[in-house]
Structure formats: C-alpha cells, structure tokens
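No value in this document is a laboratory result; all are computed from the given coordinates. Keep in mind the model is a prediction, meaning the values are calculated, not measured. Note: ideal-geometry Cβ built from the backbone for every residue, glycine included; neighbour counts use all protein chains shown.
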Amino acid sequence: MFGVRDRRLSLLVGLLFLPFALQLLGWADTPLGGGPCGPIASERLLLEQPQAFFYAQVMLWGISLLLADGFFILMLAFMHNGMVPPAQARPFVLLALVVSLFTASIYLLDRTLGLPVPSPVGWLLGGAEPVDVVGVLIVLVLLGQVVLSFGWLRTSAGRSVA
C-alpha cells in the first residue's frame, strides 16, 4: 500500500493522511459534526468563542504537520524503490509520534476540562467544548498513530539499512 514495502510503515503513512481527510469531512457540514478544527459556529462572533478558535487552529496545525510528515515518508519510499531505510525514516516516525500525541492530548483536554486561551484582556479559562463523531474518529486515529509509531520505533531500533 502507498508504495512502501514495510507493512507497518505503510499503515502509518495511511494513518497520517486520515486525520486531514476526516477533517475535510467535518468541514463539509455533515451531520457527524465539524471535527476538532470546525467547532466555530457561524452564528456567534469569534470574540465570543476564543477557545474554540484558538484550539481549532492548534489542532489544524497538528493534523497538517502529520499530513506533511506522511508525504515525507512516502517520498523517502519513492526515492528508495519502496524500501525506506529505518535510519532515514526514524526521525519522521518520531515526529509523527510526538505531534499525534500532542494533538490528541490537546483535543482530549479541550473536550473534557477546558483549556486557557489567550485573549485581548489576558488568558481566559474556558469550559469544555462539545464532542462530535468526526472529532472522536480523529482522536482514535491519532491514538492509533501513537501506538503504531511507538511499535515501529521499538522494533526498528535494531535494524540496519535494508
């Protein structure tokens, strides 16, 4: 799948693309909800919902970085005829692990506790944002990325260049 011969790395590349695709589904105004980057309601001013806007942007950056990371791993596979050397893929898989863990943590904290946000009058403590189906799917994919990245890093530590 995706031109990568390592099955787990190929699955990871697919999972790196999936959050952005699911967010596009959220922006399409489906009944499943707006996803982590789409909680901004059009009937309310942005000044009335700084937490939703701020953390929507943070999560958008996170899933965009994961998408770019997936493209870098895919390009490595194309340059090496499908066999990505573990030493070259390791930094990108580590980046995927860190970014997906950070993005999932921000989503879970924002949806359960509420996080402080910057505003023109200082930092405000907001309440928990509502949860939707697209957001839950994206968090499950992000947690799957964490598990798969950690497993790949653990097993590839002893492998040399193939």
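When the helices in the chain are scored as -39500 (n - 2.57) per DSSP H run of 4 or longer and the sum is shared across all residues, what 222 nm value do you end up with, to the nearest 500 deg cm²/dmol? The partial results should precede the final answer.
Details: 4 runs with 102 residues, N = 162.
That comes out to -22500 deg cm²/dmol.
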Query raised in the report: Using the beta-carbon distance between ARG8 and ASN81 and R0 = 22 Å, what value does 1/(1 + (r/R0)^6) give for FRET efficiency, to the nearest 0.05?
Result: 0.75
Report summary line: For SER119, the residues 5 or more places away or on another chain with a placed amide H closer than 5 Å to its own amide H are LEU124
Report task. Would you mind ranking VAL146, VAL84, VAL121 by Cβ crowding within 10 Å, fewest neighbours first? Result -> VAL121, VAL146, VAL84
Report summary line: The exposure ranking of THR103, THR30, fewest beta-carbon neighbours within 10 Å first, is THR30, THR103
Report task. Select from PRO120, PRO85, PRO19 the residue whose mean-square fluctuation is largest in a Gaussian network model of the chain (Cα-Cα springs shorter than 10 Å). Result -> PRO120
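Could you list LEU67, LEU109, LEU115 in order of exposure, starting from the residue whose Cβ has the fewest other Cβ atoms within 10 Å?
Going from sparsest to densest Cβ surroundings: LEU109, LEU67, LEU115.
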